[in-house]
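**Q** My questions all concern the structure below.
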Amino acid sequence: MHNTANTPEILILPDAATLAEEAARRFAVLTAEAVAARGRFSVALSGGSTPGALYRLLAGTPFRALPWAQVHLFWADERSVPPGDPGSNYRLVAETLLPGSSIPPENIHRMRGEWEPERAARDYEQTLRAFFGDTAPHFDLVLLGLGKDGHTASLFPGADTLAKTARWAVPATAEYAERPAWRITLTLPALNAARHVIFLVSGAEKATIVRTVLEDPAAQLPAQRIHPTAGQVTWLLDAASTMNVPPSH
Ligand code: 6PG
């Protein structure tokens with residue numbers, strides 16, 4: 001699909017497996033480009049049920065030749081639980097991506113879910129400033145999901161986190177799908193400093209919110225407020241999640 005800078009690119013894939021393959025292919029291309037241009041690739045990862053398939057693919061043989069030593073992993077959000085907890089977004093990555101890729105431990109920049117969230121958020125902002133400098137965290141890629149309520153990362157509709165423009169990481173709290181309520185999240189300005197943002201959305205239970213996000217900009221949902229200042233947004237959606245979207249897309 002043709003797209004110009006800052007116009008979201010929307011790609012509908014047949015199913016969750018193809019969605020993960022397309023995301024892995026793009027991850028590899030962006031990694032190669034960033035390493036060639038700047039000597040490193042920085043990616044902020046999300047949790048939830050959707051990205052695991054992508055992380056598992058990236059850990060497999062076809063991606064063994066990626067320049068993993070230059071890949072730096074960050075997180076878009078984390079639940080306030082220890083890293084070994086089943087609810088930990090770090091643990092998801094530790095169980096899927098890390099075993100097959102050769103990312104050096106010092107390139108893994110996790111949020112401290114085991115700390116009190118305000119302290120963990122402030123610590124993470126320091127981590128980001130040490131890596132990116134004080135201007136803005138220009139991630140080469142941010143991988144995001146979409147909640148059934150329109151949240152992304154841990155930016156929930158109506159939450160005060162959406163107004164935190166002076167911070168790069170903040171504590172958040174929300175009840176959602178029986179997941180841990182306390183969280184740490186990157187803020188809108190931090191996410192919107194990215195060079196590329198890819199949303200991964202799969203499944204019929206997302207069909208209502210996908211239609212709203214794509215068709216009703218006035219809803220101003222957190223996911224609709226991801227507009228990188230100088231970057232590209234791509235929506236990778238599977239067919240089930242787009243069944244309510246009119247064919248013009
Ligand atoms: C988290 C996430 C969150 C997630 C959405 C979608 O830690 O909970 O990062 O923003 O991406 O809730 O989750 P699913 O992929 O499970 O639908």
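The values are calculated or read from the model by the stated rules, or taken from the named source; none is laboratory data. From a predicted model like this one, the values you see are computed outputs, not experimental measurements. Neighbour counts run over all protein chains shown; Cβ positions are idealised from the backbone, glycine included. Side chains included, ligands, DNA and RNA excluded: accessible areas come from the protein's heavy atoms. Shrake-Rupley method; radii C 1.70, N 1.55, O 1.52, S 1.80 Å.
**Q** Among the residues of segment 162-197, which ones are more than 12 Å from the ligand (Cβ to nearest atom) and not in a loop (DSSP other than H, G, I, E, B)?
**A** L162, A163, A169, V170, P171, T173, L188, P189, A190, H196, V197
**Q** Can you go through D238, D216, D160 and tell me which one is open to solvent by less than 30 Å² (accessible area, probe 1.4 Å) and acidic (D, E)?
**A** Residue meeting the stated conditions: D238.
**Q** Take the conditions touching a Ser or Thr at 6+ places or on another chain (Cβ under 6 Å) and among the aromatic types (F, W, Y) and apply them to F139. Does it pass?
**A** yes
**Q** Whether any residue in segment 88-111 is among the charged types (D, E, K, R), free of Cβ contacts under 8 Å to residues at least 12 places away in the same chain and farther than 28 Å from G203 by Cβ is what I want to check.
**A** yes
**Q** What are the residues in segment 166-190 that are out of contact with any His (no Cβ under 8 Å at 6 or more places or on another chain) and at pLDDT below 95, if any?
**A** Residues satisfying the conditions are E175, A177, E178, R179, P180, A181.
**Q** What is the residue count in segment 89-128 for residues that are exposed (fewer than 14 other Cβ atoms within 10 Å of the Cβ) and over 18 Å from A153 (Cα atoms)?
**A** 8
**Q** Within the bounds of segment 46-59, is there any residue that is touching a residue at least 24 places away in the same chain (Cβ under 8 Å), open to solvent by 40 Å² or more (accessible area, probe 1.4 Å) and closer than 21 Å to L191 by Cα?
**A** no
**Q** Only one residue in R195, R183, R211, R167 is surrounded by 24 or more Cβ atoms within 10 Å (Cβ to Cβ) and not hydroxyl-bearing (S, T, Y). Which one?
**A** R183
**Q** Then there's this: Would it be correct to say that P137 is more than 12 Å from the ligand (Cβ to nearest atom), crowded, with 23+ Cβ neighbours inside 10 Å and outside any helix (DSSP H, G or I)?
**A** Answer is yes for this residue.
**Q** State whether the residues of segment 204-211 include one that is more than 24 Å from R110 (Cα to Cα), acidic (D, E) and more than 13 Å from the chain's Cα centre (by Cα).
**A** Yes, there is a match, as at least one residue in segment 204-211 is more than 24 Å from R110 (Cα to Cα), acidic (D, E) and more than 13 Å from the chain's Cα centre (by Cα).
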